[in-house]
Every structure is written in structure tokens, then in C-alpha cells.
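Submitted below is the structure of interest, expressed as C-alpha cells.
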Amino acid sequence: MQIKILENNGNTLKFVLADSSRNYANVLRIYGAYRVPTFAIDKVTVYENTSSMFDEFIAHRIGLVPILTPSKSKENVEIMFTLNATGPKTVYSKDLESRDVEVKVANEKIPIMKLAEGQRLRLDGKAVIGSGVKHAKFQPGIVSYEEKDGSFIFFVESFGQMPPIEIINNAIDKLKEDISELDKELKKL
């Protein structure tokens, strides 16, 4: 198996995987997109909402905001985010204030909603670790490949939670962990 990096600009990664099978390439693609653990706001408590938007719609939009996920984040941790805004203003992802300096929004310019004069929005959101298997909001990015001349050209685009090279490294770590768990279970038989 050989890997050659073609492009790595911080947000996208392109590499060639040679001397490998289609099965391995597909497992790497699936694990990169759906098994890498990332933070996402999963639980929202709305204390005040005088806007014309439903609480559930706002919670859904906030849940899709990418959250920076430091490497080696623990899976049972909850990080609290708060939002307190009064109109007139456009509420952006930067208005979600984290109680953890490392776990914060990945992109501060994502519009959440507009508040008219005098409208208020006050809420708390809990970010938890999850994977794309549970919900798309936990996906760290897009992982795809094309087969060419017996090799696989991978394209990885990060949504901002972590660099694309870290997505691939975490996918490999998760694959190793799952194989080790499977091996333990099979040895019990």
C-alpha cells in the first residue's frame, strides 16, 4: 500500500492510495465520513424566543453549525453554549458563546436567523460527541474517491471541525479500534 499526497491546503486534502483494494478504499471513505467522532450541538433549551421562527427550527439550524473538535476529545463530555441576542440584528454562529476555549464554532460567519426590532432570543445548547452514523450534523466532512488505473484518488473536504488529514487519521484510528473490538468478541467464541 502506498499513499501520495497531491494537495493539502488545510481545508481540502487530495491523495492517491495505490496497491490497495476497492474494499479497503471504501471502508476508509465510510469511516472518514460516518465514524469519526465530532462535536455538534445536540440539545437546545430555549428560554426566550419572541421571533417568528419556531424553537425547533432554530435548534436544527444551530445543530448544523460545525464545532471545533480537538483531537483526543472525550466522548462523554458536554460543552455548554449560550446565545443571548436582541434585534434588530442578524444572529450569526459567532454569537454562540462556548464555555470551553478549545471547543467553539468552526466558522463564525454562518447566519442563524434575523431578529426584528425588539425581538429576543435566549438559549443554551449542549455540544456532545457523536458520529455521522447517528446524524449528519456529526459528519466532519466529505470523503470520496475515484478509481483510476488501479489506484484510488481520494478527496477529503473538511466542514471545519478538524483538518482533513486529521479526519483520515481519526478514521484509521476508529477502524483499528473497531477491528480490535471485533477480534476480542470473536476470541470469546
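The values are calculated or read from the model by the stated rules, or taken from the named source; none is laboratory data. It should be emphasised that the depicted structure is a prediction, and the values quoted were computed from it without experimental measurement. Cβ: placed from backbone, ideal geometry, glycine included. Neighbour counts: every protein chain shown. Heads up: the accessible areas ignore ligands, DNA and RNA and are worked out on the full protein's heavy atoms, side chains in. Shrake-Rupley method; radii C 1.70, N 1.55, O 1.52, S 1.80 Å.
If each of residue 109 and residue 18 carries a label point 7 Å out from its Cα toward its Cβ, how far apart are those two points in nm?
Here the modelled spin labels are 3.9 nm apart.
Related question: Cα-Cα over 30 Å: which of 14/126; 104/134; 94/176; 4/94?
Cα-Cα > 30 Å for 14/126; 94/176; 4/94; rest within.
Rounded to the nearest 10 Å², what accessible area does residue 60 show when all protein chains are kept and the probe is 1.4 Å?
Accessible area of residue 60: about 100 Å².
Taking the alpha-carbon distance from residue 74 and a cut-off under 18 Å, which aspartates and glutamates remain once sequence neighbours fewer than 8 residues away in the same chain are dropped?
Within the straight-line cut-off, residue 74 pairs with 42, 100, 102, 166, 173, 177, 178.
Using 0.36 nm per residue, how much length does the chain from residue 182 to residue 76 gain when fully extended, once their Cα-Cα distance is taken away?
Gain in length upon complete extension: 35.9 nm.
Mean residue ellipticity at 222 nm from the helices of the chain, using -39,500 (n - 2.57) per DSSP H segment of n ≥ 4 over the full residue count, to the nearest 500 deg cm²/dmol?
-8000 deg cm²/dmol
May I pose another question? Using a 1.4 Å probe and ignoring any ligands, DNA or RNA, find the accessible area of residue 172 and quote it in Å² to the nearest 10.
We get 50 Å² for residue 172.
Right, next: Could you give the length gained by full extension between residue 1 and residue 100, i.e. 0.36 nm per residue of separation minus their alpha carbon distance, to one decimal place?
31.6 nm
In nm, give the distance between the simple-model label positions of residue 55 and residue 147, each being 7 Å from the Cα along the Cα-to-Cβ direction.
Placing both labels 7 Å along Cα→Cβ, they lie 5.1 nm apart.
Order of 26-38, 4-16, 89-101 by packing, highest average Cβ count within 10 Å first?
26-38, 89-101, 4-16
With charges only on Cβ, +1 for K and R and -1 for D and E, what is the dipole size of the chain about its Cα centre, in debye, rounded to 20?
100 debye
Considering the dipole of the range 50-179 built from charges on the beta carbon (Lys and Arg +1, Asp and Glu -1) around the Cα centre, which of 164, 143, 87 is farthest to its positive end?
87
Let me ask another. Please give the per residue accessible area of the range 19-97, computed with a probe of 1.4 Å over protein heavy atoms only, in Å².
55 Å²
Heavy atoms of the protein only, probe of 1.4 Å, neighbouring chains included. What is the accessible area of residue 105 in Å², nearest 10?
Ignoring ligands and nucleic acids, residue 105 comes out at about 10 Å².
How long is the gain from residue 124 to residue 45 if the chain were fully straight, where each residue apart is worth 0.36 nm and the alpha carbon distance is subtracted?
27.9 nm
May I pose another question? Relative to the Cα centre, what is the charge dipole magnitude of the range 116-189, using +1 at the beta carbon of each Lys and Arg, -1 at the beta carbon of each Asp and Glu, and rounding to the nearest 20 debye?
460 debye
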